[in-house]
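Chemist: Below: one structure in structure tokens.
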Amino acid sequence: MATRNIEKEEKRKTQIVQAAFEVIASRGYNNFTIEDIANRAGLSKGGVLHYFKTKEDILIHLLEVIYRQIEETIVRRSQRYRTAEKKLKAIIIAFIVTAKRHPSVYTVMVDFWAQVSTNERVKNINGKIYGIICDEVRKIIDLGVESGEFVAVDSANVARLIVSMVMNVAIQWTFDNSGCNIDHITRACLSMVTAYLRKRCNIKAES
């Protein structure tokens, strides 16, 4: 009985979060109410407030869900390969695939980022989860250094550069895909990242 209740609670929370995602994607972060989320979820306002005490609580949970989905995608894709270079390519592609298949993810994320300067909770959770994603990339770079595929670099900084670059590409394409081919840009990103690491390896070998 207890297990069934837990499953019901989780199902309802997922239902509310999905409704919040759809509402924000269509109206923006600041232009909706809890009633809007309740109506989209097919619940009463009280039913929503039973699981989340405030509108901000819903938004924070939604932000965590979005980042967790991205993290799970890049980890799952990278685990398919053995070499660091292929793992890194898989991660870069994962960001782009998210934009192509679920463009509203980045639309909603940008709305959240706009709140960072005024909302301390959003700022903290954004920094924490963004750091987790960058750490996954850092692990791949460190693996490449250890295996001899990449030369020694400041892997933490390089990881942040890679994540920032690819996320920006995905976001720019999400909001205006009329003037660029996302597949071509993805290949360019892959080439720049791998060429940078390979070139540094060659320079080190020559010296």
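Chemist: For residues that are of a type outside the set (A, V, I, L, M) and over 16 Å from Q15 (Cβ atoms), tally how many sit in region 31-60. Steps first, please.
Modeler: Narrowing region 31-60 to residues of a type outside the set (A, V, I, L, M): 31-33, 35-36, 39-40, 42, 44-47, 50-57.
From the residues that got through so far, the ones that are over 16 Å from Q15 (Cβ atoms) too are 31-33, 53-56.
Residues in region 31-60 being of a type outside the set (A, V, I, L, M) and over 16 Å from Q15 (Cβ atoms): 7 in total.
Chemist: Taking only region 131-150 into account, find how many residues are surrounded by fewer than 17 Cβ atoms within 10 Å (Cβ to Cβ) and either at pLDDT below 90 or closer than 22 Å to E56 by Cα (or both).
Modeler: The total comes to 2.
Chemist: Can you find a residue that is at pLDDT below 90, more than 30 Å from V145 (Cβ to Cβ) and of a type in the set (F, W, Y) anywhere in region 56-69?
Modeler: So far as region 56-69 goes, no, none of its residues is at pLDDT below 90, more than 30 Å from V145 (Cβ to Cβ) and of a type in the set (F, W, Y).
Chemist: Here is a list: E120, E136, E85. Which entry is among the acidic types (D, E) and within 14 Å of C189 (Cβ to Cβ)?
Modeler: Numbers: E120 fails: within 14 Å of C189 (Cβ to Cβ); E136 fails: within 14 Å of C189 (Cβ to Cβ).
Criteria check complete, one pass: E85.
Chemist: So which residues in region 80-98 are without any contact (Cβ under 8 Å) to a residue 24 or more places away in the chain and either within 30 Å of A20 (Cβ to Cβ) or part of a helix (DSSP H, G or I) (or both)? Talk me through it step by step, then tell me what you get.
Modeler: Initial filter on region 80-98 (without any contact (Cβ under 8 Å) to a residue 24 or more places away in the chain): 80-82, 86, 90.
Of everything in region 80-98, those that are without any contact (Cβ under 8 Å) to a residue 24 or more places away in the chain and either within 30 Å of A20 (Cβ to Cβ) or part of a helix (DSSP H, G or I) (or both) turn out to be K86, A90.
Chemist: Determine the pairs where a residue that is in contact (Cβ under 8 Å) with a residue 12 or more places away in the chain, located within region 33-58, has a partner that is of a type in the set (D, E, K, R) and outside any helix (DSSP H, G or I) with Cβ atoms under 6 Å apart, the partner being 6 or more residues away or on another chain.
Modeler: Within 6 Å, no pair qualifies.
Chemist: For residues that are in a helix (DSSP H, G or I) and more than 25 Å from the chain's Cα centre (by Cα), scanning just region 38-62, find the one that is surrounded by the fewest Cβ atoms within 10 Å (Cβ to Cβ). Before the answer, list the steps.
Modeler: Narrowing region 38-62 to residues in a helix (DSSP H, G or I): 38-41, 45-51, 55-62.
Subsequent filtering for residues that are more than 25 Å from the chain's Cα centre (by Cα) retains 38-39, 45-50.
Details: A38: 19, N39: 15, K45: 14, G46: 9, G47: 14, V48: 24, L49: 17, H50: 14.
Among those residues, the one meeting the criterion is G46.
Chemist: From (1) under 20 Å from P103 (Cα atoms); (2) touching a helix residue (DSSP H, G or I) at 6+ places or on another chain (Cβ under 8 Å); (3) assigned to a helix (DSSP H, G or I), pick out the condition that doesn't hold for Y29.
Modeler: Checking Y29 against (1) under 20 Å from P103 (Cα atoms); (2) touching a helix residue (DSSP H, G or I) at 6+ places or on another chain (Cβ under 8 Å); (3) assigned to a helix (DSSP H, G or I), the one that fails is (3).
The values are calculated or read from the model by the stated rules, or taken from the named source; none is laboratory data. A quick note: this is a predicted structure, and the numbers were derived from the prediction, not measured. In this analysis, Cβ positions are derived from the backbone assuming ideal geometry, glycine residues included, and neighbour counts consider all displayed protein chains.
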